[in-house]
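**Student:** For reference, the structure I am asking about is given below.
The values are calculated or read from the model by the stated rules, or taken from the named source; none is laboratory data. Just so you know, these numbers come straight off a predicted model, no measurement behind them. Cβ sites come from the backbone with ideal geometry, for glycine too, and all protein chains shown count toward neighbours. Surface areas here come from the heavy atoms of the whole protein model, side chains and all, with no ligands, DNA or RNA. Shrake-Rupley method; radii C 1.70, N 1.55, O 1.52, S 1.80 Å.
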Amino acid sequence: MTVEEAQARLNKWCTTRGDIRLRATADGRSTVQTLAELEPLRPVPAPYPVVLTVARVVSAQALVSYAGNRYSVPPELHGSTVTVSLLLGATHLDIATLPTPGRPGPVPTVIARHQLAPAGAGATIREVGHVTALTEAALAAFTTAAPHRRKERRPPSPAARAEAEQLRHQTTGRSSACDDTQVVVNLARYAAAAAGRNALIPAAPNPSPEDQPDTRKNTLKETNQQ
């Protein structure tokens with residue numbers, strides 16, 4: 001038989017035989033159906049809260065990446081590892097520090113709570129307090145000292161020139177001493193060549209044939225006068 005037919009037969013058996021059976025009670029005897037109505041089932045419990053937790057490293061801009069979006073944290077946590085916790089079905093997420101090892105009963109400390117952005121939206125969610133603290137940290141780290149040596153434009157050293165000369169000789173068989181195609185940078189020559197070649201000044205138009213003087217007529221006129 002099908003499942004529907006089996007259920008129908010079970011319902012018929014409960015109505016005609018199962019529910020009308022007698023049971024002894026403190027007040028006498030009662031049917032199974034009466035006892036069942038006096039002992040209803042408890043309500044269905046709420047779904048078990050599932051929390052998704054992942055570990056993330058805070059970037060130099062005090063941001064934590066999660067599901068295609070970035071969320072701000074205090075700037076002093078840059079480079080450290082935090083946990084992002086999300087209760088399934090919730091509209092916000094929590095960012096907490098990792099428990100301190102060695103302490104009795106360590107408990108993570110929630111340091112930020114943000115509204116959950118749609119996954120993959122590429123949004124950056126910042127709290128006003130985090131922005132202010134990041135700005136103050138950037139201004140405090142500002143200095144007027146000389147830049148790092150890696151940022152200075154230094155000419156090649158004699159050792160670098162000798163190495164380049166060796167590589168040039170191995171590649172082309174020629175050295176810079178016998179190379180006649182050396183380029184000499186002279187800004188004075190460039191200025192002289194660029195003088196009068198401004199593209200904003202239109203070039204002088206070429207005269208038309210009608211505007212040009214007819215030298216043959218002038219010569220014939222002078223001959224007749226002589």
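**Student:** State which residue is modelled with the highest pLDDT when the search covers only the range 16-37 and only residues that are out of contact with any helix residue (DSSP H, G or I) (no Cβ under 9 Å at 6 or more places or on another chain), assigned to a helix (DSSP H, G or I) and open to solvent by less than 100 Å² (accessible area, probe 1.4 Å).
**Tutor:** Here the residue is T16.
**Student:** Do the conditions hold for E5, that is, is it of a type in the set (D, E), at pLDDT 85 or above and open to solvent by 100 Å² or more (accessible area, probe 1.4 Å)?
**Tutor:** It is false that E5 is of a type in the set (D, E), at pLDDT 85 or above and open to solvent by 100 Å² or more (accessible area, probe 1.4 Å).
**Student:** Let me ask something else about it. Restricting attention to the range 149-185, which residues are modelled with pLDDT under 70, part of a helix (DSSP H, G or I) and open to solvent by less than 100 Å² (accessible area, probe 1.4 Å)?
**Tutor:** Once the filter is applied, which keeps residues that are modelled with pLDDT under 70, part of a helix (DSSP H, G or I) and open to solvent by less than 100 Å² (accessible area, probe 1.4 Å), the range 149-185 yields S176, A177, C178.
**Student:** Within the range 102-148, which residues are modelled with pLDDT of 85 or more and of a type in the set (K, R)?
**Tutor:** Hits for the range 102-148 are R113, R126.
**Student:** Output the strands (runs of 3 or more DSSP E) that fall wholly within the range 38-139 and possess 1 or more residues being aliphatic (A, V, I, L, M) and surrounded by 12 or more Cβ atoms within 10 Å (Cβ to Cβ), or say none.
**Tutor:** Hits in the range 38-139: 51-57, 63-66, 81-87, 92-97, 110-115.
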